[in-house]
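The values are calculated or read from the model by the stated rules, or taken from the named source; none is laboratory data. Since we're looking at a predicted model, the values are computed, not measured. Neighbour counts are summed over all protein chains in view; Cβ atoms, including those assigned to glycine, are modelled from backbone coordinates with ideal geometry. In case anyone asks, the SASA skips ligands and DNA or RNA and just uses the protein heavy atoms, side chains included. Shrake-Rupley method; radii C 1.70, N 1.55, O 1.52, S 1.80 Å.
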Amino acid sequence: MATLELQGELQQAFTKVHQPREGAWSGHITMAGGAQLQVPLPPRYTELTPEETALAIARAKERLGSRLVISGHHYQREEVIRWADFRGDSFKLCKDAAARPDADYIVFCGVHFMAESADILSAPHQKVILPDLHAGCSMADMADIDQVEEAWDALQEVCAGQRIIPITYMNSAANLKAFVGRNGGAVCTSSNARKIMEWALKPIDDGGAGGEKLLFFPDQHLGRNTALLEMGFKPEDCVVWNPFEDLGGQDEATLRRAPILLWKGHCSVHGTFMPIHVDNIRKRYPGIKVVVHPECIYEVVTKADAYGSTEKIKHIIEAGQPGEVFAVGTEINLVSRLAQENPDKTVVCLNPNVCVCSTMYRVDGPHLLWVLENLLEAHVVNQIVVPEPIASQAKLALQRMLDIA
Ligand code: 13P
Ligand code: SF4
């Protein structure tokens with residue numbers, strides 16, 4: 001198992017997973033501290049053909065009827081997303097699940113932090129299920145609560161007298177959202193980062209949080225791209241906090257001066273897109289439109305024609321003219337789907353090497369079928385439950401985002 005995945009599982013230690021009734025197959029084991037490991041599926045699920053799996057999912061979904069809602073992030077594989085009642089980016093999915101309070105079960109086909117947010121925002125009777133407990137996010141794992149608390153204490157001391165507002169990207173564990181909630185900050189996603197960052201720095205009298213500076217984590221690139229391209233800040237206004245160095249690797253004067261403090265985290269999938277890819281694709285397809293996700297580095301985003309969340313990327317391609325050619329800088333499952341769903345346009349991946357999110361990829365047809373068939377037997381497996389007081393504090397930060405965005 002890759003080290004990052006293991007770290008992710010350990011970091012999720014505060015998240016509990018409900019046990020099914022005694023003696024039933026649970027599909028997970030409990031580690032010290034409460035972290036969960038996905039155990040292999042019973043052989044039946046791996047022995048079915050893809051067609052048999054699809055047929056069985058269709059039957060289970062039909063039998064569960066309105067008690068079930070399936071949410072699917074745009075990065076999910078075709079064999080999974082085809083069953084989703086809601087598809088979207090992380091902001092849309094966060095709102096959509098709340099629109100089905102009648103459903104008892106929300107099967108969240110995405111990654112762990114998304115399922116946690118769905119649990120926090122769903123009604124008390126609803127159970128949120130993640131088909132594979134190993135579906136984490138390596139970027140979310142790049143900030144852990146101890147490191148953030150340590151950074152916060154150091155910054156309060158060095159920047160005494162300055163109000164700092166913490167902003168966490170949706171791609172973070174629930175305990176980080178809770179930290180942000182109890183310290184007056186908000187969550188943001190790639191579709192509303194500007195609004196949230198502006199709110200953080202706006203005076204309290206104008207409805208803002210009254211911050212003189214903000215600490216943005218865990219994705220330095222979304223923070224930097226938003227600050228420089230949408231808010232008028234200069235590169236020298238943005239300072240990177242490296243959690244593995246004393247004072248984040250900065251001196252005290254720099255920390256006091258900079259209005260934007262960016263956590264040193266990134267997405268390994270979007271980090272594979274380089275400026276050379278943009279140059280090469282423009283040579284190959286003159287007139288091509290390059291559209292990328294804001295988790296890409298600044299040098300890529302500035303070379304692109306447009307950027308935005310996965311939902312925005314989808315809208316940009318759909319709104320294109322017949323015959324238009326697009327290069328898309330994001331996860332390959334979404335790029336392939338956009339190519340298929342827009343046959344009147346040409347859609348290619350910006351990076352010729354496939355950029356797959358290996359954790360999103362963990363959710364597959366067999367895992368989806370396994371959780372659904374357990375639900376038919378009234379066994380709730382892989383339930384994601386964020387305990388109190390983490391849930392209430394994280395909800396504060398999520399609700400601020402929903403109110404502002
Ligand atoms: P979106 O909110 O744009 O879907 O992004 C989520 C994500 O994890 C991108 O890597
Ligand atoms: Fe996390 Fe990157 Fe995968 Fe998005 S693409 S879920 S940020 S690892």
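Please list 309-317, 157-165, 273-281 highest first by mean number of surrounding beta-carbon atoms within 10 Å per residue.
Top of the packing list down: 309-317, 273-281, 157-165.
Greater than 26 Å separation of Cα atoms is the criterion. Which listed pairs, Lys195/Lys395; Lys177/Lys289; Lys177/Lys202; Lys234/Lys283, meet it?
Checking Cα-Cα distances, Lys177/Lys289; Lys234/Lys283 exceed 26 Å.
Sum -39500 (n - 2.57) across every DSSP H segment of at least 4 residues in the chain, then divide by the residue count to get the 222 nm mean residue ellipticity, nearest 500.
Here the helix-only value at 222 nm equals -11500 deg cm²/dmol.
Assuming a ≥ b ≥ c are the square roots of the Cα gyration tensor eigenvalues, decide whether region 250-405 counts as rounded (a/c under 1.5), prolate (otherwise, with a/b larger than b/c) or oblate.
Oblate is the answer for region 250-405, as a/c is 1.5 or above yet b/c matches or exceeds a/b.
Using the crude model of +1 on Lys and Arg Cβ and -1 on Asp and Glu Cβ, and no other charge, please compute the dipole size for the chain relative to its Cα centre, in debye to 20.
The dipole of the chain has a size of about 860 debye.
Taking the mean number of other Cβ atoms within 10 Å as a proxy for protection, how do you rank 97-103, 379-385 from highest to lowest?
379-385, 97-103
For the charge dipole of region 44-196, defined by +1 on Lys and Arg C-beta atoms and -1 on Asp and Glu C-beta atoms about the Cα centroid, which residue among Val148, Val111, Ala98 has the Cα displaced farthest towards the positive pole?
Ala98
Hey, how many Å between the Cα centroid of region 144-191 and the Cα centroid of region 268-338?
30 Å
With +1 assigned to the C-beta of every Lys and Arg and -1 to the C-beta of every Asp and Glu, and no other charges, what is the dipole magnitude of region 52-113 about the Cα centre in debye, to the nearest 20?
I would put it at about 60 debye.
Over the chain, give the accessible area per residue in Å² for a 1.4 Å probe, as an integer. Before the final figure, lay out each step's value.
Numbers: 16390 Å² over 405 residues.
That works out to 40 Å² for each residue.
Straight distance only, please: which aspartates and glutamates reach the Cα of Lys61 with their own Cα at less than 16 Å, same-chain residues fewer than 8 apart left out?
Those aspartates and glutamates meeting the cut-off are Glu51, Glu52, Glu79, Asp85, Asp102, Asp104, Asp364, Glu373, Glu377.
Can you tell me the length gained on complete extension of the stretch Arg59 to His379, counting 0.36 nm per residue apart and subtracting the Cα distance?
Separation in residues times 0.36 nm, less the Cα-Cα distance, equals 113.5 nm.
Over 20 Å between C-alpha atoms is what I'm after, so list which of Lys92/Lys264; Lys213/Lys312; Lys92/Lys312 land there.
Those over the limit are Lys92/Lys264; Lys213/Lys312.
Using the Cα gyration tensor of region 312-387, with a ≥ b ≥ c the square roots of its eigenvalues, what is the shape: rounded (a/c below 1.5), prolate (a/b larger than b/c) or oblate (neither)?
On the way: a/c = 2.96, a/b = 2.46, b/c = 1.20.
In terms of gyration-tensor shape, prolate.
What size of dipole, in debye to the nearest 20, comes out for region 200-275 about its Cα centre when the only charges are +1 on Lys and Arg C-beta atoms and -1 on Asp and Glu C-beta atoms?
Charge dipole, region 200-275, about its Cα centre: 140 debye, nearest 20.
Probe radius 1.4 Å, ligands and nucleic acids ignored: give me the carbon and sulfur share of the accessible area of region 110-230 as a rounded percent.
44 percent
Relative contact order of the chain, please, whole-number percent, based on alpha carbon pairs below 8 angstrom and at least 6 residues apart.
Details: 838 pairs, mean separation 91.9, N = 405.
23 percent.
Can you tell me how the chain classifies by the Cα gyration tensor, rounded, prolate or oblate, using a/c under 1.5 as the rounded cut?
oblate
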